[in-house]
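Rule-based calculations on the coordinates, nothing more; no lab input. Just so it is clear, the model here is predicted, and its values are computed rather than measured. No Cβ is skipped: glycine too gets one built from the backbone with ideal geometry, and neighbour counts run over all protein chains shown.
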Amino acid sequence: MLTAVMAGCGAMSDGWLVALREIPFLKDNVRLVGMVDLDPQVAVRRAEKHGLDGISISDDLPDMLTQLKPDLLFDLVVPPARFAVVEAGLAAGCNVLSEKPMANTLPEAKALVELAEKSGKVHAVIQNRRFLAGIRRVKALIETGTLGELTAVHVDFFIGAHFGGFRDAMDHVLLLDMAIHTFDAARYLIARKPVSVYCRETNPKGSWYAHGAAADALFDFEDGVAMTYRGSWCAEGANTAWEATWRIIGTKGTLLWDGNEGFEAHVVAGDEGFFRPLEAIEVPPLGEPLIEGHGGVIADFVRSVLNGATPLTVGSDNIQSLAMVAAAIESANAGEKRRVDLT
């Protein structure tokens with residue numbers, strides 16, 4: 001059984017602790033031995049809530065890693081602290097699974113990829129959209145080739161979200177705190193590298209955020225695939241799914257996906273007429289059971305550590321999603337129409 005330490009014991013940790021306790025694979029293969037928080041009483045309360053009697057509690061991560069020598073480090077700290085936590089974990093010989101984003105800046109992310117490679121340990125990132133039944137079904141349809149060659153993916157995200165707290169004061173709040181989920185999901189479906197972006201960012205009238213509650217972005221991917229993103233966190237009424245709504249276009253047809261379990265797909269069924277005749281097609285069901293959401297990412301990470309495989313959300317790949325966010329912000333900050341190449 002692998003041993004693990006959790007760093008950061010705020011509200012986000014509840015989902016992790018429930019997954020570790022209730023998902024059979026994780027329950028059988030992972031034992032949480034320590035919890036670290038800047039306020040140890042936060043960790044104490046979280047441990048008590050989840051019945052973790054006798055677990056080690058500390059506010060000193062390096063010391064706990066030295067004392068307990070865990071196999072895994074679960075990193076749930078705030079983004080500005082992420083680099084130091086992951087660096088400490090890798091240096092102590094831990095495989096590390098981090099909350100998103102994988103780093104506070106792109107240079108820090110690149111440094112973490114290098115540190116993980118040198119350490120020979122796994123560093124992966126929570127990107128739970130990849131572990132939802134709907135996106136797996138869309139991915140399976142694309143891979144059959146039924147839609148033909150992929151040409152464009154159009155994504156809409158409109159939710160009037162009243163969080164309160166730190167998000168209300170953030171710069172680039174939509175791009176930094178939310179859009180990475182959609183960008184990563186798009187990379188997963190398109191299965192090509194993003195190469196450039198033009199982005200326009202606004203803070204619409206009536207916004208309760210300080211900055212950047214809405215954005216429009218046009219990404220170019222390899223092989224001529226385009227992706228458009230329209231999003232707002234201050235659009236009241238007619239909310240989309242948190243996973244956004246999608247129009248996926250191929251050379252033979254189009255798939256509409258509501259971000260949940262609603263699909264509508266058609267392909268061309270003839271070669272005559274102003275509008276070619278269309279045939280409705282079914283989106284295939286899941287081929288095998290799926291652990292969804294956070295639990296699925298954690299299980300994939302643990303399975304990879306046990307088997308020596310590469311997790312789906314490994315940092316060396318996930319850095320491309322962070323690069324999309326960074327490039328979109330760079331383009332938005334330019335103050336004029338210009339394309340930014342991703343390097």
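Take the Cβ atoms of Leu278 and Lys139, set R0 to 30 Å, and the FRET efficiency comes out at 0.85. Relative intensity of the stretch 9-73 on a log10 scale, I(q)/I(0) at q = 0.11, 0.18, 0.22 Å⁻¹, equals -0.24, -0.65, -0.97, per a Debye sum over C-alpha point scatterers of equal strength in the absence of solvent. Estimated at 0.36 nm per residue, the fully extended path between Asp28 and Glu149 surpasses their Cα-Cα distance by 39.3 nm.
Label zone (Ala84, point 7 Å along Cα-to-C-beta; backbone nitrogen cut-off 20 Å) within the stretch 109-133: 109-113, 115-116. Ratio to report: Rg/Rh of the stretch 84-154, with Cα atoms as the point set and Rh obtained by the Kirkwood method; give two decimals. My calculation puts Rg/Rh at 1.15.
By the compact-protein rule of thumb, 2.2 N^0.38 Å, the alpha-carbon radius of gyration of the stretch 256-343 corresponds to a ratio of 1.70.
In this rough spin-label picture, where each label sits 7 Å from Cα along the Cβ direction, the Ala226-Asp258 distance is 2.8 nm. Expressed as a whole percent, the proportion of Cα-Cα pairs in the stretch 2-125 lying more than 27 Å apart is 12%.
Quick check: the distance between the Cα centres of the stretch 58-81 and the stretch 193-263, to the nearest angstrom? Answer, in whole Å: 36. Measure nothing fancy, just the Cα-based angle from helix 13-22's long axis to the longest principal axis of the chain, in degrees from 0 to 90, nearest 10. So the inclination is approximately 90 degrees. Counting every other Cβ atom within 10 Å of each residue's Cβ, Lys205, Lys49, Lys100, Lys139 order from fewest to most as Lys205, Lys49, Lys139, Lys100. Residues Thr240, Thr3, Thr144, Thr313, ranked from the fewest to the most other C-beta atoms within 10 Å, line up as Thr144, Thr3, Thr240, Thr313. The convex hull built on the alpha-carbon positions of the stretch 183-233 has an orientation-averaged projected area of 3.7 nm². Per-residue Cβ neighbour counts within 10 Å put Asp63, Asp300 in the sequence Asp63, Asp300, beginning with the fewest. Between the helical axis of 40-49 and the longest alpha-carbon principal axis of the chain there is an angle of about 70 degrees.
Based on alpha-carbon atoms, the Kirkwood radius and the radius of gyration of the chain give Rg/Rh equal to 0.99.
Applying 1/(1 + (r/R0)^6) with r as the Cβ-Cβ distance of Glu117 and Ala169 and R0 = 30 angstrom yields a FRET efficiency of 0.25. The stretch between Val44 and Leu218 holds 58.0 nm of extra length on full extension. This uses 0.36 nm per residue minus the Cα-Cα distance.
Does the stretch 207-327 classify as rounded, prolate or oblate by the C-alpha gyration tensor (a ≥ b ≥ c root eigenvalues; a/c under 1.5 gives rounded; else a/b over b/c gives prolate, otherwise oblate)? Verdict is oblate for the stretch 207-327. Seen against the Cα atoms of the chain and their longest principal axis, helix 315-333 is set at about 60 degrees.
Here Ser196 and Thr310 are evaluated by their C-beta separation; at R0 = 41 Å the FRET efficiency comes out at 0.90.
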